[in-house]
Amino acid sequence: MSNLTMSRRFRLATGSLAVAGTALVLASCSSGSSDPGTSGDSGASGDEPVTVTVMYKSSEFTEDMIAAYEAEHPNVTIEFIEYDQTRLNAMMTAGDPPDIVRSGPNSNLFAKGLATNLDEYIASSDVLTEEDLLPANDAWRYDGTTRGQGSYYGIIKDWSPDATIWQNEALFEGTGVEPLDTTEPISWDELLEKAIALKDAGVEYPLGLEWGWGVTNLLQTMIVQQGGEVYNDDLSETTLDTPEAERAIQWLIDYGKSGVGVTSLNPLPDGQDAPTFIAGNMAMTMDGYWFGGNLQADEAATVAETSTMAPAPTFGERVSPIFGGVGAYIPSGSDDPDAAWDVLEFFMGGDPAAERAQTGWGLPILESLWDELPAEEPYQQQAKDAALVEAEYVKPLPDSPYVQLSQWDQIVDAELTAGIKGEKSAAEVASSIQEQMNSLLAQGKDQIG
């Protein structure tokens with residue numbers, strides 16, 4: 001299941017699940033009522049004292065949420081640990097992991113058997129059901145080889161089609177450059193042409209790509225959109241000596257050379273696009289739906305009036321990627337996966353999920369919570385409608401269990417920087433990335449076995 005069905009899209013668009021959304025919110029107070037997936041009655045719904053250890057960020061899994069859950073489950077104590085990778089590694093190594101862990105989905109995690117299979121829990125849940133989970137959660141599925149299909153190993157907290165583009169249409173006025181169409185995707189080449197024209201017309205920052213957050217996802221998106229392959233069949237080698245990869249790399253080099261936006265050679269002092277966009281100095285920023293949350297600030301009121309969200313650009317097939325998909329999983333070594341699942345249901349499908357949707361800082365992973373999204377302001381309604389369509393084209397990007405995205409990002413950034421500086425051609429950049437990544441892939445495969 002990679003795309004929304006027409007019936008699912010219709011239900012979202014018409015809001016016919018508003019009553020179901022309300023029922024989900026109410027159900028959060030008794031989320032332990034669903035049958036457990038694998039090992040008898042959940043400790044969270046029994047009488048025996050239970051402790052569930054949660055490693056998350058306190059800004060996301062708050063004290064109020066913990067208090068609300070514990071008030072409804074007096075036998076349960078949630079022991080909270082601020083997310084720390086070093087501490088998590090130590091706990092995993094010691095064989096005493098947390099019961100719930102914040103993470104992004106990745107094949108390395110799945111291939112090492114570190115996450116609990118959630119299929120039976122989801123099958124017996126009244127809160128987090130397969131029917132209600134949007135296709136974006138396929139990023140947390142794995143069939144033993146490929147991410148995006150097979151069993152569920154985690155749940156997304158909230159998500160966004162991250163290559164969509166927010167634009168301040170006021171900065172297009174008087175330049176002779178038309179704003180982006182908010183329904184039909186533009187090609188990457190046409191996007192760069194518009195950005196260069198805006199630069200020539202005096203716009204300081206025509207197009208931001210959030211370069212500092214990593215550009216590997218953009219590179220891979222462009223390759224996939226052309227029908228190209230990032231990896232070989234068993235995901236043990238990357239194949240970048242292809243026309244599709246070289247075209248994508250050339251685009252990123254041309255973007256950097258044109259000076260229309262930020263790269264590692266000229267970073268923004270804030271490390272992100274939002275302050276510059278809100279100040280009215282950036283015409284377009286490639287950020288997902290979540291970026292609209294920034295426009296609720298008082299200082300963003302003027303820019304918000306002329307802001308819209310456009311589809312992700314394309315190089316052929318319309319693929320709208322998710323770069324994050326951060327959520328949570330239950331480690332396979334959890335002391336009480338049943339109780340952990342009960343807490344996870346509450347956090348991902350109960351009141352906390354509804355309240356998150358109402359903030360506009362991300363899209364809910366449950367279809368039935370879509371009506372909770374804010375739509376009071378014109379830009380909010382427009383972005384909500386655009387995200388609804390974009391959700392049809394969500395597709396997990398290729399992911400090998402033998403390397404981490406951070407390894408890709410470091411190498412890709414260094415090689416693209418060399419290309420932007422004129423030290424290497426696109427073909428040479430592609431060859432160098434391929435050589436370095438294949439060395440890391442070989443090491444990773446040896447480690448996993």
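Over 24 Å apart at the Cα level, from the set Lys199/Lys421; Lys199/Lys257; Lys395/Lys424; Lys194/Lys257, are Lys395/Lys424. Projecting the Cα positions of Thr221, Gly449, Thr175 onto the charge dipole of the chain (unit charges on Cβ atoms of Lys, Arg, Asp and Glu, taken about the Cα centre) puts Thr175 furthest along the positive direction. In the chain, the calculated helix contribution to ellipticity at 222 nm averages -11500 deg cm²/dmol per residue, counting -39,500 (n - 2.57) for every DSSP H run with n ≥ 4. Look at the dipole of the chain built from charges on Cβ: of Val260, Trp341, Ala115, the Cα furthest out on the positive end belongs to Val260.
What you get for the stretch 46-113, charging only the Cβ of Lys and Arg (+1) and of Asp and Glu (-1), is a dipole of about 520 debye around the Cα centre. Amide hydrogen proximity for Gly104: with H placed 1.01 Å from N in the peptide plane, the residues at 5 or more positions away or on another chain lying under 5 Å are Gly327. Report, to the nearest 10°, how far helix 337-349 tilts away from the longest principal axis of the Cα atoms in the chain, using its own Cα long axis and a range of 0 to 90°. Roughly 50 degrees, rounded to the nearest 10. A Cβ-based charge dipole, computed about the Cα centre of the chain with Lys and Arg at +1 and Asp and Glu at -1, lands at about 940 debye. Heavy atoms of the protein chains alone define the surface here; on that basis the stretch 391-444 has 41 Å² accessible area per residue at 1.4 Å probe size.
When you count the other C-beta atoms within 10 angstrom of each residue and take the mean per peptide, 418-424, 225-231, 132-138 line up highest first as 132-138, 225-231, 418-424.
For the pair the stretch 258-313 / the stretch 40-99, the C-alpha centres are spaced 36 Å from each other. Using a Cα-Cα cut-off of under 17 Å, which lysines could be cross-linked to Lys157, ignoring same-chain neighbours fewer than 8 residues away? Filter leaves Lys57. For the chain, the longest principal axis of the Cα atoms and the long axis of helix 378-390 meet at an angle of about 80 degrees. Remark: the chain is approximated by an ellipsoid whose semi-axes, taken from the C-alpha gyration tensor as √(5λ), come to 37, 27, 19 Å, largest first. As a test, work out the antiparallel percent of DSSP beta bridges whose residues both lie in the chain, rounded to the nearest 5. Around 60 percent antiparallel, to the nearest 5. Across the accessible surface of the chain, with the other protein chains kept in place and a 1.4 Å probe, carbon and sulfur atoms take up 47 percent. Protection proxy ranking for 275-282, 53-60, 255-262, using the average of other Cβ atoms within 10 Å per residue and placing the highest first: 255-262, 275-282, 53-60.
Solvent-accessible surface of the stretch 165-234, taken per residue with a 1.4 Å probe and all protein chains present: 42 Å².
In the stretch 252-406, a dipole from Cβ-located charges (positive for Lys and Arg, negative for Asp and Glu) runs towards its positive end, and of Ala310, Ala328, Ala297 it is Ala310 whose Cα lies farthest in that direction. Summary of packing: across the peptides 172-180, 215-223, 101-109, the per-residue average of other C-beta atoms within 10 Å ranks them, highest first, as 215-223, 101-109, 172-180.
The values are calculated or read from the model by the stated rules, or taken from the named source; none is laboratory data. Just so it is clear, the model here is predicted, and its values are computed rather than measured. Heads up, the Cβs are rebuilt from the backbone with ideal geometry, glycines too, and the neighbour counts pull from every protein chain shown. Accessible surface is based on the protein model in full, side chains and every heavy atom, while ligands, DNA and RNA are left aside. Shrake-Rupley method; radii C 1.70, N 1.55, O 1.52, S 1.80 Å.
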